[in-house]
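The values are calculated or read from the model by the stated rules, or taken from the named source; none is laboratory data. None of the values given here were measured: they were computed from a predicted structure. So basically every Cβ, Gly included, is an ideal-geometry build from the backbone, and we count neighbours across all protein chains shown.
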There are 4 protein chains.
Amino acid sequence: MRPDPKMSLAEVEAFLEAEFPQLRHGGRIMVRVESVGPMTARLRLHSDERHLRPGGTVSGPAMFMLVDVGIYVAILAQIGPVALAVTTNLNINFLRKPPHGDILAEISLLKLGKRLAVGEATLFAEGDDEPVAHAVGTYSIPPR
Amino acid sequence: MRPDPKMSLAEVEAFLEAEFPQLRHGGRIMVRVESVGPMTARLRLHSDERHLRPGGTVSGPAMFMLVDVGIYVAILAQIGPVALAVTTNLNINFLRKPPHGDILAEISLLKLGKRLAVGEATLFAEGDDEPVAHAVGTYSIPPR
Amino acid sequence: MRPDPKMSLAEVEAFLEAEFPQLRHGGRIMVRVESVGPMTARLRLHSDERHLRPGGTVSGPAMFMLVDVGIYVAILAQIGPVALAVTTNLNINFLRKPPHGDILAEISLLKLGKRLAVGEATLFAEGDDEPVAHAVGTYSIPPR
Amino acid sequence: MRPDPKMSLAEVEAFLEAEFPQLRHGGRIMVRVESVGPMTARLRLHSDERHLRPGGTVSGPAMFMLVDVGIYVAILAQIGPVALAVTTNLNINFLRKPPHGDILAEISLLKLGKRLAVGEATLFAEGDDEPVAHAVGTYSIPPR
C-alpha cells in the first residue's frame, strides 16, 4: 500500500551533500538523515552555537530548517530525484522550550499526490518523550 | 488609537545587537531593522551565500528567520523590553521564487493582547511589487 | 498590472446561488458578496442564531465558511467559472471575540498562479476597526 | 504520565448538549463524541445534506467544525469543565475529496499547558485508511 522509497539512505545523503552544501557549516554537517522508510524519514539536528537564542535553546529558524529539509527528504526518497519539490506552505507550532542537545524530527507524509505533497513533522529533544515542536508542510511537485 | 512604540529604532537595534548575536554571521549583520512605527516594523535581509539554495534564491529558512525576528521586533518596539515574547505558531506561504538580492519584510501587528500577540509579515524582493512570501505568527507574552 | 475580474458581481452571485445552495439556510441567504474587484472581494456574513456559540458571538466555523467562500469568490471572479478551485490549506487566527451583528470579510489574492492561488482574508465586525479574525488560504486550480 | 481525563464520555456529551445546542440541526445530532481518553478523543460527523458541496462531498466548513469541536472536547475532558477554552489558531489541510458517508476525527493533544493547549486532528472517511484532512489547533485557556 505504501511502496518502498525509491532512494536509499546513502543515495539521499549523497544528493543532499551535492545539492545543499548550506547544510554544512564550518565544515560540520548540521542536519543528518538517520533513516528513510515508506512515506517516512527521521532526521537529526546537531546542536551548534549558531542555533542558540537567549536562554540557550535551539532557535525557531533552526527547527524550521529541520522540518523543511525533513519533509523534502521524505518526498525525495519516496519519488526519487526526478523533480525538485518546492515548499509552498509550512505551519509550525512551538510547544516547549527545548533543552540543550540534538533535536530529532520524525517525518510522515500525509499525502503524496501528483502535484502536491503534505508532510507532518514531530520534533523531540533527544531522550525526551514530549514533542518540542510540530509542523505540517505542503510542497508543490513540478510536472514530470 | 494605535499608540506610538515605546522603543526607538536605535533602542531596538541596540537590544537585538546585545541579545541576538546570531543575527550576525562572520561579522556581518544579516537582518537590519529599517523602521519601527505604531504596531509596525520594516526589516531587511541582506542576501548572503549562506541563505542560498539550489537555483540561487534566498532560502525558506532565511525568510522564516526574517519573519520571526520581524514580528518579534514589532512587539518589542511597541511594548518595550519588559518581557521576552516567545513564538508559539508561525504559518508561512512561499508565493514566488525570489530573485537575487535583499528581501524586505513589512510587519503589521494584528493583535497585541496581554497574553498573545499576532503579527503579519509580507516579504518583497527589493524593487518588486509582488510579494515573495507571506506569514502570520503568534507570540506568547509572559506575565509581567 | 492587476487585470479586471472576468465576472461581475451579478454573475458571481448567480453562480453561487446555483452551485452553493447550502449558503442559504431556511430560505435566507447567510453569506452575500458585496463587491468584487481586481484580485479582491468583499463579503458579508449575516448573523444568524445558527452561528452562535456560548456567549452569543459568531462561531469559528461560521467565520471559517465566510473566509473559505470569500477567497473562492475572489478567484472565481478573477479567472471566470472555468474551473473549480479546491481549498487545500486554510490557516485562521481568531483575534477578538466578535460582538453581535454582521461580519465583513475583506479578501485579497496574494498569488494567482496556474496551479495554486493564495488569498488573505481580514474579518471585521460591522462598524469596528479592529479585525476579529485573519486567515490565509491556498486553493488548487485544476488543469484547464 | 498522561493522567486520565477528568470527565467521562457521558459527562462530555451532557455538557455539549447543554452548551452547544447548535451541534443539533433540525433535531438531529451532527457531531457525536465516540470516546475520550488520556489526551485523546474520537468524534463522528454524521453526513447530512447541509454539509454537501458541489460534487456531493462533505464541505470544508463541516470538517473545520468537526476539528474545532474535537480538540475542544479533548481539552474539556482532560481538564474538566472549569474554564472555557477559546480557539486562537486553526490550520487545516484538505488532503483528499471525501466520499459520501460519515467522517471520523482522531484527536490527540500535543500540549496541554496552563495558558495554551495544542491539539492535532486526523480525519478519515469511515472504512478508509487514507486521511481526508489533517488539522492543528491552538486554544487559549483562561486563568483559573
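Values as computed for the structure displayed
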| item | result |
| --- | --- |
| Within the range A:111-124, tally of residues that are buried (at least 21 other Cβ atoms within 10 Å of the Cβ), over 22 Å from residue A:81 (Cβ atoms) and not acidic (Asp, Glu) | 1 |
| Counted residues, the range B:61-84 - those being modelled with pLDDT under 90 and surrounded by 22 or more Cβ atoms within 10 Å (Cβ to Cβ) | 2 |
| In the range D:120-144, the residues that are hydroxyl-bearing (Ser, Thr, Tyr) and in contact (Cβ under 8 Å) with a residue 60 or more places away in the chain | D:139 |
| All positions within the range C:125-144 that are touching a Leu at 6+ places or on another chain (Cβ under 8 Å) and surrounded by fewer than 18 Cβ atoms within 10 Å (Cβ to Cβ) | C:126, C:130, C:142 |
| Sole residue being out of contact with any Ser or Thr (no Cβ under 9 Å at 6 or more places or on another chain) and among the hydrophobic types (A, V, I, L, M, F, W, C), chosen from D:79, D:92 | D:79 |
| Residue match in the range C:27-43 (condition: of a type in the set (Lys, Arg), modelled with pLDDT of 95 or more and crowded, with 17+ Cβ neighbours inside 10 Å) | yes |
| Checking residue D:58 against (1) at pLDDT below 85; (2) crowded, with 16+ Cβ neighbours inside 10 Å; (3) out of contact with any Pro (no Cβ under 7 Å at 6 or more places or on another chain), the condition it does not meet | (3) |
| Matching strands (runs of 3 or more DSSP E) fully within the range C:52-144 where at least 2 residues are more than 7 Å from every other protein chain (Cβ to nearest Cβ) | C:103-112, C:116-125, C:131-140 |
| Residues located in the range C:70-101, provided they are in contact with a helix residue (DSSP H, G or I) (Cβ under 7 Å, 6 or more places away or on another chain) and not small (Gly, Ala, Ser) | C:73, C:76, C:81, C:87, C:90, C:92, C:94 |
| Pair list, Cβ < 7 Å and 6+ apart or interchain, from the range C:99-119 residues that are in contact (Cβ under 8 Å) with a residue 60 or more places away in the chain to residues that are in a loop (DSSP other than H, G, I, E, B) | C:104/C:126; C:108/C:39; C:109/C:39; C:112/C:39 |
